[in-house]
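Trainee: Here's a structure for you.
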Amino acid sequence: MAIQNTVLSTGVAANVLVGGGNLGTATTTIYFCNKTVNILTLNVYAVMNGFVANGNNIVYSNVSMTAGETLVLDVEKIFLGPGDMLQANCSGSGTNSVIATVSSIGL
């Protein structure tokens, strides 16, 4: 199992996890932590290899996160083939405000 941390900012979605290896990668748990005193909005995208994050591959749209809140995604398991990406961004007051932590298993 591997742990990866990514600092999210506004604007362009950042890679939270990239599928690797010959068979890809599966998530076990994903945490999004709003480390500010502000309400922020979170977007999460499941992006196929060769594509970009947009409205056609969004899986969580405009999720409101209160100050200090942590959103835990542990029921939905996401399988990423080689080169597929899980990406996210946030909006609201303050940049570098949300930390994404992913626990994953390489297959």
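Trainee: Could you check the range 4-47 and list, in sequence order, the residues that are over 17 Å from Glu76 (Cβ atoms), assigned to a loop (DSSP other than H, G, I, E, B) and not hydroxyl-bearing (Ser, Thr, Tyr)? Walk me through how you get there before you give the answer.
Mentor: Step one: list which residues in the range 4-47 are over 17 Å from Glu76 (Cβ atoms), which gives 4-15, 18, 20-23, 33-41.
Imposing the further condition that a residue be assigned to a loop (DSSP other than H, G, I, E, B) reduces the set to 9-13, 20-23, 35-39.
Of everything in the range 4-47, those that are over 17 Å from Glu76 (Cβ atoms), assigned to a loop (DSSP other than H, G, I, E, B) and not hydroxyl-bearing (Ser, Thr, Tyr) turn out to be Gly11, Val12, Ala13, Gly20, Gly21, Asn22, Leu23, Lys35, Val37, Asn38, Ile39.
Trainee: Filter the range 82-106 down to residues that are within 18 Å of Val18 (Cα to Cα) and exposed (fewer than 15 other Cβ atoms within 10 Å of the Cβ), then give me how many there are. Spell out the reasoning first.
Mentor: Filtering the range 82-106 down to residues within 18 Å of Val18 (Cα to Cα) leaves 82-89, 99-106.
Next, from what is left, pick out any that are exposed (fewer than 15 other Cβ atoms within 10 Å of the Cβ): 82-83, 105-106.
Final tally of qualifying residues: 4.
Each row is one residue, and each column tells you yes or no for (1) more than 15 Å from Asn43 (Cβ to Cβ); (2) of a type outside the set (A, V, I, L, M, F, W, C).
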residue: Gly68; (1), (2): yes, yes
residue: Leu80; (1), (2): yes, no
residue: Met85; (1), (2): no, no
residue: Cys90; (1), (2): no, no
residue: Ala100; (1), (2): no, no
residue: Ile105; (1), (2): yes, no
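Trainee: Which residue pairs have Cβ atoms under 6 Å apart, sit 6 or more places apart or on different chains, and have a first residue in the range 1-13 that is more than 23 Å from Gly106 (Cβ to Cβ) and a second that is modelled with pLDDT under 90 and among the small types (Gly, Ala, Ser)?
Mentor: As it stands, the answer is Thr10/Ser91, since those pairs meet every condition given.
Trainee: Kindly provide the set of residues from the range 64-98 that are assigned to a loop (DSSP other than H, G, I, E, B) and aliphatic (A, V, I, L, M), ordered by number. Full working, then the answer.
Mentor: Residues of the range 64-98 that are assigned to a loop (DSSP other than H, G, I, E, B), as a first pass: 66-69, 74-78, 81-84, 93-97.
Those that are assigned to a loop (DSSP other than H, G, I, E, B) and aliphatic (A, V, I, L, M): Ala67, Val75, Ile78.
Trainee: Of everything in the range 5-25, what is touching a Leu at 6+ places or on another chain (Cβ under 6 Å) and either loosely packed, with under 14 Cβ neighbours inside 10 Å or not polar (S, T, N, Q) (or both)? Give them in sequence order.
Mentor: Residues satisfying the conditions are Ala14, Val16, Leu17, Gly19, Leu23, Gly24.
The values are calculated or read from the model by the stated rules, or taken from the named source; none is laboratory data. Remember, predicted model here, so these are calculated numbers, not experimental data. Glycine gets a Cβ as well: all are built from the backbone with ideal geometry, and neighbour counts include every protein chain shown.
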